[in-house]
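Each value in this text was obtained by applying a stated rule to the coordinates, not by laboratory testing. As the structure is a prediction and not an experimental result, all values here were calculated from the model. Here the Cβ positions follow ideal geometry from the backbone for every residue, glycine too, while neighbour counts run over all protein chains shown.
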Amino acid sequence: MPNTRLNVSLPTPIVDDIKALYGPRGISQFLEEAAQEKLDVLKREKYKDLIEGYQATADATVEVLKKFESAVTEERDV
């Protein structure tokens, strides 16, 4: 995946903590992981109602398909 170079300013104590945990060259990795985790949470929250709606519709669709299953699978004299 292509990368975009950014110039980011963070408070020094935060940078020091990241360096202590990830090493001086691990800041980008930490920021990438933190950003991805935050995006995952935000997307789940944003799309929660939509996902629940799709799931409810899927359950109803399965029930309808079960009713027609025997008509589709039984042999026909044609």
Packing-based ranking, highest mean first, of 8-14, 50-56, 27-33 given that Cβ atoms within 10 Å are counted: 27-33, 50-56, 8-14
For LYS19, give me every one of the lysines with a C-alpha distance below 29 angstrom, ignoring sequence neighbours fewer than eight places off in its own chain. LYS38, LYS43
Under 15 Å by backbone N from the virtual spin label 7 Å along Cα-to-Cβ at LEU50, the residues of the stretch 28-44 are 40-44
Compute the angle between helix 27-73 and the longest alpha-carbon principal axis of the chain, please, reported from 0 to 90 degrees and rounded to the nearest 10. 0
Could you state the angle between the C-alpha long axis of helix 12-22 and the longest principal axis of the C-alpha atoms of the chain, as a value from 0 to 90 degrees rounded to the nearest 10? 70
Just grab the label-to-label distance for VAL41 and ALA60, each label 7 Å out from Cα along the Cβ direction, in nm (one decimal). 3.4
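In the chain, which longest range has no trypsin sites (Lys or Arg not before Pro) that are both DSSP loop (not H, G, I, E or B) and surrounded by at most 15 other Cβ atoms within 10 Å? Could the numbers behind the result be given before it?
On the way: sites that count: ARG5, ARG25, ARG76.
My reading of the result: 26-75 is the longest stretch.
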